[in-house]
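Report on the structure given below.
The values are calculated or read from the model by the stated rules, or taken from the named source; none is laboratory data. Note that this is a predicted model, so its numbers are computed, not measured. Cβ sites come from the backbone with ideal geometry, for glycine too, and all protein chains shown count toward neighbours. These area figures cover heavy atoms from the full protein model, side chains too; ligands, DNA and RNA do not enter into them. Shrake-Rupley method; radii C 1.70, N 1.55, O 1.52, S 1.80 Å.
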Amino acid sequence: MGTGTIILVRRMTKNPLKEKLKHKKIILGSGSPRRKMFLEDLGLDFEVRPKSVEEIYPETLQGQEISEYLAELKATPFKNELGPDQIVITSDTVVWHNNTSLAKAADKMEAFKMLRTLSGDWHEVITSVCFTTIDAQKTVSCITKVKLKDFSDDEINYYIDSCQPFDKAGAYGIQEWIGMIGISEIQGSYTNVVGLPTHLVYKTLMEL
């Protein structure tokens, strides 16, 4: 080998977050496929362990207060079973429009009413994420402002019939057909609207 020859050694760079949490066990307390996908995309190893709670909150709460209350409520069933190396992540998303929280639609009629209300106007998508350990709890929140175009009745009906968005706050998913044709403007995190503000999840886990 001649003088001055440079040998490049290819080395796999480690995921900083995965390295930070290598002695921790992450539990996702949600059955949401979107939240599961985001944690996988962050490169985390985790267990999916959803627990059912009755999602009722005080009527005096508004906007971010609602999502924070529910994210923390969802962590309650885990508190007496966590080990010293475990972190449970629970989350809740609220669609806030005209001082009203638009939850999941019970049926097609309710979904249509929600989308007609949101049509042509701005609303806020607020996601709160709660991180619970055996001795501490931290909740972070993200607000994204979204403006939808003015939908026709045919567009709303087609979306509801084809995508069945009854598991989503506000009766729509930005990653679906209605998002592709109907998002006029967005201010803030896109992943937050899908269901998890990944930049805040990363930052918070790195700081724990």
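In deg cm²/dmol and to the nearest 500, what is the mean residue ellipticity at 222 nm of the chain if only DSSP H runs of at least 4 residues count, each as -39500 (n - 2.57), divided by the residue total? Write out the running numbers ahead of the final one.
Values: 8 runs with 69 residues, N = 208.
Mean residue ellipticity at 222 nm (helix-derived): -9000 deg cm²/dmol.
Which value, in Å² rounded to 10, gives the accessible area of Arg34 with a 1.4 Å probe and all protein chains present?
Arg34 exposes around 50 Å² with every protein chain in place.
Sticking with the crude label model, points 7 Å out along Cα→Cβ, report the distance from Arg116 to Thr60 in nm, one decimal please.
With each label placed 7 Å out from Cα toward Cβ, I get 3.5 nm.
So how exposed is Trp177, as accessible area in Å² (1.4 Å probe, rounded to 10)?
80
Multiply the residue gap between Arg34 and Tyr190 by 0.36 nm, knock off their C-alpha separation, and tell me the result in nm, one decimal place. Please list the in-between numbers first.
Details: separation 156, 0.36 × 156 = 56.16 nm, distance 1.27 nm.
Extra length available between Arg34 and Tyr190 comes to 54.9 nm.
Pairs Lys22/Lys138; Lys79/Lys147; Lys18/Lys79; Lys14/Lys145; Lys113/Lys147: which exceed 28 Å Cα-Cα?
As for pairs spanning more than 28 Å Cα to Cα, those are Lys79/Lys147; Lys14/Lys145.
Indicate the gyration tensor shape class of the chain (rounded, prolate or oblate), computed on the Cα atoms with a ≥ b ≥ c the square roots of the eigenvalues: a/c under 1.5 is rounded; otherwise a/b larger than b/c is prolate and the rest oblate. Don't skip to the end; give the middle numbers.
Details: a/c = 2.50, a/b = 1.43, b/c = 1.74.
The shape class here is oblate.
At a Förster radius of 35 Å, what calculated FRET efficiency corresponds to the Cβ-Cβ distance of Arg11 and Glu207, to the nearest 0.05?
Values: r = 27 Å, r/R0 = 0.78.
Efficiency at R0 = 35 Å is approximately 0.80.
Starting from the Cα of Met109, step 7 Å along the direction of its Cβ; do the same at Asp135; then give the gap between the two resulting points in nm.
About 5.5 nm, to one decimal.
Using protein chains only and a probe of 1.4 angstrom, how many square angstrom of Asp45 are accessible, to the nearest 10?
We get 110 Å² for Asp45.
With label points built 7 Å along Cα→Cβ from the Cα atoms of Thr100 and Glu81, find their separation and express it in nm.
The answer from the label model is 3.8 nm.
What is the magnitude of the charge dipole of the chain about its Cα centre, with +1 placed on the Cβ of each Lys and Arg, -1 on the Cβ of each Asp and Glu, and no other charges, expressed in debye to the nearest 20?
Taking the Cα centre of the chain as origin, the dipole is about 1080 debye.
Positive end of the charge dipole of the range 3-131 (Lys, Arg +1 and Asp, Glu -1 on Cβ, about the Cα centre): tell me which of Ser32, Pro77, Leu42 has its Cα farthest that way.
Final value for the positive-end residue is Leu42.
For Ile186, Ile156, what's the largest-to-smallest order of accessible area, 1.4 Å probe?
From most accessible down to least: Ile186, Ile156.
Taking all protein chains in place and a 1.4 Å probe, what share, in percent, of the accessible surface of the chain do carbon and sulfur account for?
Carbon and sulfur together cover 51 percent of it.
Given a 1.4 angstrom probe, what's the average accessible area per residue across the range 1-157, in square angstrom?
Per residue, the range 1-157 has 59 Å² of solvent-accessible surface.
Among Pro16, Gln187, Gly173, which residue has its Cα positioned farthest towards the positive end of the charge dipole of the chain, with +1 placed on the Cβ of Lys and Arg, -1 on the Cβ of Asp and Glu, and the dipole taken about the Cα centre?
Highest projection toward the positive end goes to Pro16.
Once you treat every alpha carbon in the range 8-121 as an equal point and sum by Debye, what is log10 I(q)/I(0) at q = 0.22 Å⁻¹?
Debye output, listed in q order: -1.26.
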